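Written out below as structure tokens is the structure these notes cover.
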Amino acid sequence: MDAALTRLIWQRAMDCCEYCQMPQVADDASFEIDHVIARKHGGPTATNNSCLSCYYCNSFKGSDIGSLDPKTRKLTPLFNTRRHKWARHFLWQGAYLLGRTPVGRVTVALLRINDEYRVELRDGLIEEGAFPPR
Ligand SMILES: [Zn+2]
């Protein structure tokens with residue numbers, strides 16, 4: 001990926017993971033550029049198919065584009081950072097991220113956004129007044 005495209009993606013995301021909103025400055029693991037729709041599914045390397053992702057979200061997402069809704073067990077697409085509005089699908093309850101929609105629920109579950117160590121990190125940032133970032 002060329003440097004100009006990478007810079008644009010970081011700026012557009014304001015240096016935060018576009019799934020869990022973690023700021024890079026608060027996370028020891030380096031953030032990565034994610035193909036929203038993975039190349040294996042025909043997703044291009046382009047700004048409208050790219051987002052900034054923390055290491056954890058990107059690792060758990062892999063090349064997946066959907067999963068089973070934990071509530072209904074229906075096959076549901078993951079949150080698409082370029083097509084969906086974050087606030088429509090997610091809601092913070094303290095350091096826990098809740099899915100407001102099937103898309104939100106599958107994304108929180110598959111990306112393991114509420115794993116214990118991630119909740120603990122956000123708890124500390126909330127105490128410092130540094131989270132959520134916007
Ligand atoms: Zn994340």
Cα centroid of region 100-114 to Cα centroid of region 27-91, whole Å: 10
Cβ-Cβ FRET estimate between GLU128 and GLN11, R0 fixed at 22 Å, reported to 0.05: 0.35
For the chain: rounded, prolate or oblate by the Cα gyration tensor [a/c cutoff 1.5]: oblate
Cα pair distances exceeding 16 angstrom across region 1-60, given as percent: 39
Estimated 222 nm signal from helices in the chain, with DSSP H stretches of n ≥ 4 weighted -39500 (n - 2.57), rounded to 500: -8500 deg cm²/dmol
Rg ratio (alpha-carbon, reference 2.2 N^0.38 Å) - region 49-102: 1.17
Rg(Cα)/(2.2 N^0.38 Å) for region 71-127, N = residue count: 1.16
Note, ³J(HN,Hα) from phi for region 24-41, Karplus 6.51, -1.76, 1.60, rounded to Hz, x at Gly and Pro: 4, 4, 9, 10, 5, 7, 5, 6, 10, 8, 9, 7, 4, 9, 4, 3, 5, 9
Computed label-point distance, nm, for sites THR101 and ALA3 using a 7 Å Cα→Cβ extension: 3.8
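Only the coordinates and a few stated rules stand behind these numbers; no lab work does. Keep in mind it's a predicted model, so treat the numbers as computed, not measured. Glycine gets a Cβ as well: all are built from the backbone with ideal geometry, and neighbour counts include every protein chain shown.
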